[in-house]
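The values are calculated or read from the model by the stated rules, or taken from the named source; none is laboratory data. Predicted model, so just to flag it, every value in this text is computed and none were measured. Note that each Cβ is placed from the backbone with ideal geometry, even for glycine, and that neighbours are counted across all protein chains shown.
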Amino acid sequence: MLTLFSPAKINIFLKVLGKRPDGFHELVTLIQAIDLGDTLSFSLSDQDKLTCTDAAIPTDGRNLIARAVDLFRDKTGFNEKVSIHLDKRIPHEAGLGGGSSNAATALWAMNELSGNNISLQQLMQWGGELGSDVPFFLSTGTAYCTGRGEKILSLSPPKGPALTLVKPPLGLSTPKVFGALNIAGLPSRDPQEMLDQFLQGEHVYFNDLEGAALKVAPQLDSLQKELLLRGFNDVVMTGSGSTFYCTGKGDTTDLDVATFTTRYLNRTVEQWYTNG
């Protein structure tokens with residue numbers, strides 16, 4: 001059996017440059033893997049099977065794990081049956097990339113099970129067919145991402161602060177958030193300048209999708225303000241939400257939220273992510 005950790009991510013910053021002719025949005029984002037994650041177990045079997053600890057997660061062809069397995073088979077001809085179990089901890093519809101991480105982990109696992117014949121760059125290209133965030137998780141855990149998010153520049157691991165993730169009960173639909181986005185009204189920021197500051201050790205947190213997410217779910221605006229009042233230094237939405245990551249020390253007592261304490265997580269090129 002092959003057991004792999006499947007990490008979540010946060011967007012340290014996310015800039016939307018505009019809408020592309022293909023309907024996607026052109027993005028510039030700095031993404032960081034974190035040590036909150038799922039666990040995936042793979043074993044060769046006499047039949048394909050996907051099980052999950054969370055009954056709300058589909059285990060049929062809609063699941064990105066199953067789609068990643070099918071894609072790997074289509075690309076390589078490796079047709080061994082695989083039994084997969086997903087121990088789910090990353091909240092869904094949370095902006096934490098759980099599905100994309102699971103897909104990337106499945107591609108890595110299928111490559112391991114079939115003899116490691118596929119290059120990391122090739123896996124990244126295939127991952128882009130599954131979703132914009134999938135290639136990121138095949139980086140070493142810190143990456144400057146452009147295009148739809150699928151063009152990856154891996155960076156050296158930074159020293160990041162401890163973070164508190166705050167996930168309210170509601171989830172957000174990524175298409176709805178992008179649908180509410182007013183690109184003309186976004187602040188003018190230079191992504192290269194933001195990247196340079198990061199490389200110099202200065203963390204600059206922002207997310208161009210945050211305003212649109214707060215329009216879709218106004219109650220999140222109240223939550224963000226409450227978290228700042230309770231002592232956190234920065235309260236920033238990750239991805240298209242609905243999770244906020246918070247720096248500094250604050251109090252979430254009596255709030256109707258799930259909280260997770262987390263840190264940055266990176267890996268070497270040769271080895272997959274490990275947690276603890």
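Surrounded by 17 or more Cβ atoms within 10 Å (Cβ to Cβ) and either assigned to a strand (DSSP E or B) or among the hydroxyl-bearing types (S, T, Y) (or both): is that true of F42 in this structure? Walk me through how you get there before you give the answer.
Numbers: surrounded by 17 or more Cβ atoms within 10 Å (Cβ to Cβ): yes; either assigned to a strand (DSSP E or B) or among the hydroxyl-bearing types (S, T, Y) (or both): yes.
The answer is yes for F42.
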Can you say whether K176 is in contact with a strand residue (DSSP E or B) (Cβ under 9 Å, 6 or more places away or on another chain), in contact (Cβ under 8 Å) with a residue 12 or more places away in the chain and among the charged types (D, E, K, R), as far as the supplied structure shows?
no
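Looking at the stretch 218-241, which of the residues that are of a type in the set (S, T, Y) and modelled with pLDDT of 95 or more is surrounded by the fewest Cβ atoms within 10 Å (Cβ to Cβ)?
Initially, the stretch 218-241 is screened for residues of a type in the set (S, T, Y), giving 222, 238, 240.
Then drop every residue that is not modelled with pLDDT of 95 or more, which leaves 222, 238.
Working: S222: 10, T238: 29.
Top of the filtered list is S222.
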For A68, indicate whether it is in contact (Cβ under 8 Å) with a residue 24 or more places away in the chain, on the phi < 0 side of the Ramachandran plot, crowded, with 21+ Cβ neighbours inside 10 Å and out of contact with any strand residue (DSSP E or B) (no Cβ under 8 Å at 6 or more places or on another chain).
yes
Of the residues in the stretch 224-271, how many are touching an Asp or Glu at 6+ places or on another chain (Cβ under 8 Å), on the phi < 0 side of the Ramachandran plot and assigned to a loop (DSSP other than H, G, I, E, B)?
5
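Here's the yes/no breakdown for (1) over 29 Å from S173 (Cβ atoms); (2) small (G, A, S); (3) assigned by TED's automatic domain parsing to the domain that holds A213:
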{"site": "G77", "(1), (2), (3)": "yes, yes, no"}
{"site": "V82", "(1), (2), (3)": "yes, no, no"}
{"site": "L86", "(1), (2), (3)": "no, no, no"}
{"site": "G99", "(1), (2), (3)": "no, yes, no"}
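Kindly indicate which of M237, M194 is under 23 Å from D38 (Cα atoms) and not charged (D, E, K, R).
Numbers: M194 fails: under 23 Å from D38 (Cα atoms).
Only one candidate passes the filter, namely M237.
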Checking I10 against (1) surrounded by fewer than 13 Cβ atoms within 10 Å (Cβ to Cβ); (2) in a strand (DSSP E or B), which single condition isn't satisfied?
(1)
Conditions (1) part of a loop (DSSP other than H, G, I, E, B); (2) more than 26 Å from F24 (Cβ to Cβ): number failed by L181
(2)
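Okay, residues lined up against (1) under 23 Å from F260 (Cβ atoms); (2) in a loop (DSSP other than H, G, I, E, B):
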position: S100; (1), (2): yes, no
position: N116; (1), (2): no, yes
position: Q122; (1), (2): no, no
position: Q125; (1), (2): no, no
position: S132; (1), (2): no, yes
position: A143; (1), (2): yes, no
position: S156; (1), (2): no, yes
position: L165; (1), (2): yes, no
position: L170; (1), (2): yes, yes
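Please enumerate the residues belonging to the stretch 213-229 that are among the small types (G, A, S) and more than 19 Å from the chain's Cα centre (by Cα). Break it down into steps so the answer makes sense when it comes.
The first filter runs over the stretch 213-229 and keeps only residues among the small types (G, A, S), leaving 213, 217, 222.
Residues satisfying the conditions are A217, S222.
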Would you say L172 is crowded, with 17+ Cβ neighbours inside 10 Å, in the same structural domain as Q224 (by TED's automatic domain parsing) and in contact with an Asp or Glu (Cβ under 7 Å, 6 or more places away or on another chain)?
yes
Filter the stretch 184-217 down to residues that are over 18 Å from P91 (Cβ atoms) and in a loop (DSSP other than H, G, I, E, B), then give me how many there are.
12
Those residues of the stretch 55-98 that are assigned to a strand (DSSP E or B) and polar (S, T, N, Q) come to a total of 1
Within the stretch 18-34, how many residues are of a type in the set (D, E) and closer than 20 Å to M237 by Cβ?
1
